[in-house]
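Down below is the structure, laid out as structure tokens.
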Amino acid sequence: MVYYKRWEEFASASAALYEASPVKTRYCVRWRHEAGLLVLKVTDDRTCIKFKTRSAVFLNRFELLNRSLL
Amino acid sequence: MLLSNQDFLKQLQDLFDARKSSGSVFLTEKRFTYEPAASTTAGAAGDVEMGEASGSGTGGEEGEGAAVKAEEEHKEYPCLLRATDGKGKQSKVKISTLIQPNDHETFSLAYGSLLKASLSSLRKKKKTKRKAAPSAAVGGSTFAVQLTKVVGPRRGAGVEKRRKLLRRREKEVKKLVARKKRDAER
């Protein structure tokens, strides 16, 4: 499991994963309110990339990512 | 439970509210490529087993997978969206919905606004410039952070106090350097 430090890298890596195997790729989100923690995971069951944040800055980018993946 | 889009959104809202004080909300999205049973028989026996084991309903098309994908690359697939609260035992809540390709736009609008509203406890980034270059720390500009001033006799009575201050200052400098490096990488 790889945690990415930067959003841009995470976004491009997840897009690449999805391009490579659109059937198997899934996008998981974990939200913990009391901790204010958001964790995003994109996996095609062979590789897994993750991104973790407590910062509200990523809300918009996260939403954009959601839209593009849908 | 498979729900309609509206019901899913409503229950998702409830799920977020219920988990405010403790616990998590898990959301999973994937493309829905489950084919009805007719095509699964075309695959080899080995493929069918693999399909059952994968547990997500995308099995059975491994044999024709390549051919199918090539034809339907531009086809829009529905999207399966699942949510759960991850609680064990009896009280686990599991909901899901299927979003058809034509509903993507409307759903993602509603879904997006729901998420934005619920993910409220994320920390807002403070724009205060609390850092200064460690080399220019002492004295510097008005935004410079003040490091601990090391004062006291270098020997004799009171030297321990000075050494304590020195150690504290070194720690602060180390922290600043690390922070600066981290911010430079971001």
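Points worth noting:
- Selection of the range A:54-69 for residues being free of Cβ contacts under 8 Å to residues at least 40 places away in the same chain and either closer than 17 Å to residue B:86 by Cβ or not in a strand (DSSP E or B) (or both) yields A:54, A:56, A:57, A:59, A:60, A:62, A:63, A:64, A:66, A:67.
- Selected residue [open to solvent by less than 30 Å² (accessible area, probe 1.4 Å) and closer than 25 Å to residue B:85 by Cα] from A:21, A:14: A:14
- Near pairs, Cβ below 8 angstrom, 6+ apart or cross-chain, from the range B:103-116 (assigned to a helix (DSSP H, G or I)) to any residue that is among the aromatic types (Phe, Trp, Tyr): B:114/B:16; B:115/A:62
- Number of the exception - residue A:34 against (1) touching a strand residue (DSSP E or B) at 6+ places or on another chain (Cβ under 6 Å); (2) surrounded by fewer than 15 Cβ atoms within 10 Å (Cβ to Cβ): (1)
- Members of the range B:16-33 found to be crowded, with 19+ Cβ neighbours inside 10 Å and part of a loop (DSSP other than H, G, I, E, B), listed by number: B:19, B:33
- Applying the condition of being among the hydroxyl-bearing types (Ser, Thr, Tyr) and more than 9 Å from chain B (Cβ to nearest Cβ) to the range A:37-57 and asking which residue is least open to solvent (accessible area, probe 1.4 Å) yields A:43.
- Restricting the first member to the range B:158-177 and to residues that are surrounded by 13 or more Cβ atoms within 10 Å (Cβ to Cβ), and the second to residues that are part of a helix (DSSP H, G or I), the beta-carbon pairs closer than 8 Å and six or more apart or on different chains are B:173/B:134; B:176/B:134; B:177/B:134.
- Residues being assigned to a loop (DSSP other than H, G, I, E, B) and in contact with a helix residue (DSSP H, G or I) (Cβ under 6 Å, 6 or more places away or on another chain) - total across the range A:1-53: 2
- Of the residues screened, residue A:7 is one that is free of Cβ contacts under 8 Å to residues at least 60 places away in the same chain and over 25 Å from residue B:96 (Cβ atoms).
The values are calculated or read from the model by the stated rules, or taken from the named source; none is laboratory data. The model shown is predicted, which means the values in this text are computed figures rather than measured ones. So basically every Cβ, Gly included, is an ideal-geometry build from the backbone, and we count neighbours across all protein chains shown. These area figures cover heavy atoms from the full protein model, side chains too; ligands, DNA and RNA do not enter into them. Shrake-Rupley method; radii C 1.70, N 1.55, O 1.52, S 1.80 Å.
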